[in-house]
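Chemist: Please see the structure below; I have some questions.
Please treat every number below as a calculation from the coordinates, not as lab data. The structure presented is a predicted model; accordingly, all values stated were derived computationally and were not measured.
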Amino acid sequence: MYKQIQNDIRSRIQSGELPSGALVPSEKELAQQYGVSQITSKNALNGLVEEGLLVRYRGRGTFVRELLSSERGHPHQHQPQPSAKNRLP
């Protein structure tokens, strides 16, 4: 099930629904949404952090990682347009 969560978040990033810097739902929110344990949702988020799509800040949350200019245009990575909503402070 964690793969489904990862695929859904990945799709939301690629579509621009979750732009660079956007706050990603918490482990608890994802667990409730998908009807899984928080361990499962944590594993899903950790996998996306390892892929370089997300970054986690203790006490602040998990965010879509901002791509470096050298990473933009990579065929397997999409650079959504940033928005002011849900951006890092």
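Chemist: Just need log10 I(q)/I(0) for the range 1-63 at q = 0.13, 0.29 Å⁻¹, Debye formula, equal scatterers on the alpha-carbon atoms, no solvent, rounded to two decimals.
Modeler: The Cα Debye sum returns log10 ratios of -0.28, -1.45.
Chemist: Shifting gears a bit: So what are the three principal axis dimensions of the range 31-70 from its Cα atoms, in whole Å, longest to shortest?
Modeler: Extents along the principal axes, in whole Å: 38, 20, 15.
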